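Written below as C-alpha cells is the structure these notes are about.
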Amino acid sequence: MSENPAIPLESSGPPTAPPVLAEVVRSGFVEGRHRGSLVLLAADGSPERTLGDVTTPVFPRSANKPMQAAGVLRAGLQLTGERLALAAASHSGEDFHRDLVRTMLTEHGLSAGQLQCPPDLPLDRVEAEAYLAAGGVRDRVAMNCSGKHTAMLAATALRGWPTERYLEPDHPLQRLVHDVVEEAAGEPVAAVGVDGCGAPLMAISLTGLARAFRSFVLAPSGSAERRVADAMRAHPEYVAGTRRHDTRLMRALPGALAKMGAESVQAVALPDGRALAFKIDDGAARALAPVLGRALALAGVEEKVAHGIGRTPLLGGGREVGEVRPTF
C-alpha cells in the first residue's frame, strides 16, 4: 500500500441550471420553457433582485449600442436628435430609417459602399415583406445596424483615422468605445468578439449592463452619455421602429431608456435610477417581451404598461390559444 495515497478530488457537483423565466403554454399545456438570468437595480444602484447568474460576462449584443454611440461622440462627431438616435439603433429598416442613413452618408461625404455591415433585409417582418414586394434586395443601408456603422465611419473620417479599418478592435474609435463600456459598466471588459454586423462586441455582466444604462440616464447634462440617452428617449422610433417594443416602452414611460440585443438580451433604465438587464439563455425572441413585462412590474412600473409590453399570445388556426408567460 502506498504511503502517500492519492487524495480524491473534491467535486462541486453538476452546474446549476439557470432558472426558468418564461414558459410556453398552448391550450393549457406547457410545451416549452425558457431559462435565463435577470438583475433588477434599485434607484440607488444596489441589486434589488437577481435570478440566475448576473455576474458572469455575456455578450450584450445590440444592447451595447448606446455605449458605441457615446464613443462616436467622444471621437468628436457632432450628432443630435434623430441622427444620434439612429447611431444607437437596431432599426426596423422602414423607409424613414433608410432615408436618414442615406442622408447622413451624404452629409459626411460617404457612400453606402464604404459601410462594412453586411447586406440584409429590413429587420421588421412586415417591413421586409413590403420591401421585397417593391423589388428591394439585401442592402447594407437596410441592415438594422447601418445607422451605427454610418456614425462610426463618419467619426473615423472626421478624425482622419483609417476608414477601411474602423471595425478592428485596435482602431482608435473602437478603443474609445471600449473605454466607454468599462466606465459605464463599472467593470473591465471580459472579452471582445465580433457582433453580427461585424463590429467589435464587448462582454460584460448583466449587472454591469444594468449599471451602464443607469449611468446613461443619470449622467450630467451635456455629457456624451446623457446626449445619447436623451436622443434615444426623444426619438425611440429611430432606435427601433413603429412596431417594436423598445419604441412602445420609451413612449409609454417618458424618461425610460430601453435597448434590446440579439439572443434575447434586454436592458432598461428608468429616470430615477432603477434599472434592469436580462438574457434568455436559448436566445428565443418570443420570451423577451413577457420577461420584460414582468421585470418592469417588479421594478414598480404601472401594471397596465408592464402588461401591455409583455403580452405575447400564441396562435392556433389563426386564433389565440395560449401565451408565453413569465414564471417569476
The correct count of residues that are closer than 20 Å to ALA85 by Cβ, more than 18 Å from the chain's Cα centre (by Cα) and either in a helix (DSSP H, G or I) or at pLDDT below 95 (or both) in region 115-149 is 1
Within region 305-328, tally of residues that are surrounded by 10 or more Cβ atoms within 10 Å (Cβ to Cβ) and assigned to a loop (DSSP other than H, G, I, E, B):
4
Selection from region 150-171 of residues that are part of a helix (DSSP H, G or I) and small (Gly, Ala, Ser):
ALA151, ALA154, ALA155, ALA157
Can you say whether ALA295 is over 20 Å from GLN68 (Cα atoms), open to solvent by 40 Å² or more (accessible area, probe 1.4 Å) and of a type in the set (A, V, I, L, M), as far as the supplied structure shows?
no
With the requirement that a residue be within 16 Å of the chain's Cα centre (by Cα), under 14 Å from LEU51 (Cβ atoms) and not in a helix (DSSP H, G or I), what does region 265-301 give you?
GLN266, LEU276, ALA277, PHE278, LYS279, ILE280, ASP281
Against the conditions (1) within 19 Å of GLU263 (Cα to Cα); (2) in contact with an Asp or Glu (Cβ under 7 Å, 6 or more places away or on another chain), where does PHE213 fall short? Just the number, please.
(2)
Lone unmet requirement of (1) closer than 18 Å to LEU201 by Cα; (2) buried (at least 23 other Cβ atoms within 10 Å of the Cβ) for ARG61:
(2)
Could you please let me know if LEU218 is more than 25 Å from VAL101 (Cα to Cα) and over 16 Å from the mean Cα position of the chain (by Cα)?
yes
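The values are calculated or read from the model by the stated rules, or taken from the named source; none is laboratory data. Just so it is clear, the structure is predicted and the values come from calculations on it, not from any experiment. So basically every Cβ, Gly included, is an ideal-geometry build from the backbone, and we count neighbours across all protein chains shown. SASA here: full protein model, heavy atoms, side chains in, ligands and nucleic acids out. Shrake-Rupley method; radii C 1.70, N 1.55, O 1.52, S 1.80 Å.
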